[in-house]
1. Quick check: pseudo-label points 7 Å beyond the Cα along Cα→Cβ at residue 81 and residue 155, how many nm apart are they?
2. Out of 28, 89, 76, any idea which swings most in a Gaussian network model of the chain, alpha carbons joined below 10 Å?
3. If each residue's Cβ is checked for other Cβ atoms within 10 Å, how do 22, 220, 74 rank with the fewest at the top?
4. Multiply the residue separation of residue 197 and residue 60 by 0.36 nm, subtract the distance between their alpha-carbon atoms, and state the gained length in nm to one decimal.
5. When 192, 155 are ordered from fewest to most other Cβ atoms inside 10 Å of their Cβ, what list results?
6. Based on the Cβ-Cβ distance from residue 128 to residue 74, what FRET efficiency comes out when R0 is 30 Å, to the nearest 0.05?
7. Helix 28-40 versus the longest principal axis of the chain: what angle, 0 to 90°, nearest 10, using Cα atoms?
8. Please give the residues of segment 132-154, grouped as numeric ranges, whose backbone N is less than 17 Å from a label point set 7 Å along the Cα-to-Cβ vector of residue 224.
Ligand SMILES: [Zn+2]
C-alpha cells in the first residue's frame, strides 16, 4: 500500500475533517461552550492545551500540547510542565507555530508522534514525515489569519469556500475570536481587553457572519455527512499503519553511499 494508503482508503467514502482548537489560556467556560457545539453534533476535536482549565473532556476529544517557547532557552522544562498536565499527549502545536530543526529532533525523544506547526492555507498539503520521522500535519485553515488577511478569503466566512479536494482538512480555531464571533482583526483586538472576563466578552458578541458562524456551519456540514470527523491522533495512527515507503528508508541508503 502506498504512503498515506490507510488515510486515503478511509477518506475514499468521505473526506476527513480534523477540527483543532488552540486553547490560548482562554477561560474554561468559554472552551466548554465551544466544545459543547462539537459534542452537540457528535463530532470530535483536538485541543492544543496551554494550561489545565477544569475541563471535563469526554474520551471522544484529544488533548495535545500548545507550549509557548518564545523567549525560552530551556524548552525541556517548558515542555515538561505542560506534559505533566496532559501525560497522555502525543501531539504538539507550538504557540505561533514555532518550530525549527532543533525542536523536530527533540520531540520524538519526548514521546511526541506529530506536530502541527505548518500553515499551508487552502492548499492540498497532506501530512508528511519530518527528518526525524516526526509527522508534520499541516493546517489548511486558521481563523486568526482569516482575520489578519481577509483579502485572501474574498467570499468571507462560508464553509462552502473551504478546500474540499484533499483527503484530510485540518482547521484551526481559537476560543476568543469564536466566542465574540470576530469578523475583523479589530473585533478580536477589542475582545483581548476582556480576555479573562467572559461576561464582558459576551457583550461583544457580534451578529452576522464571523468565526463562530463559520465554525457552526462546518460542524453542521460534518454532521450532515460532508466530512468524517477525526482527531489528529487518529490520523497519525492511520498513517503509522502504512509500511515506511522507500523514500523514508533514506538514512541507511545515504549511509551506504560512497563519499566524494
Ligand atoms: Zn497559540
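FYI, it's all coordinate maths here, none of it is from the lab. It should be emphasised that the depicted structure is a prediction, and the values quoted were computed from it without experimental measurement. FYI the Cβ positions are ideal-geometry reconstructions off the backbone, even for glycines, and counts take in every protein chain you see.
1. Each label point is offset 7 Å from its Cα along the Cβ direction, giving 4.4 nm.
2. 76
3. By the 10 Å Cβ count, ascending: 74, 220, 22.
4. Stretched fully, the residue 197-residue 60 segment lengthens by 46.5 nm.
5. 155, 192
6. With R0 = 30 Å, the Cβ-Cβ based efficiency is 0.55.
7. It works out to around 80 degrees.
8. Those under the cut-off are none; the list is empty.
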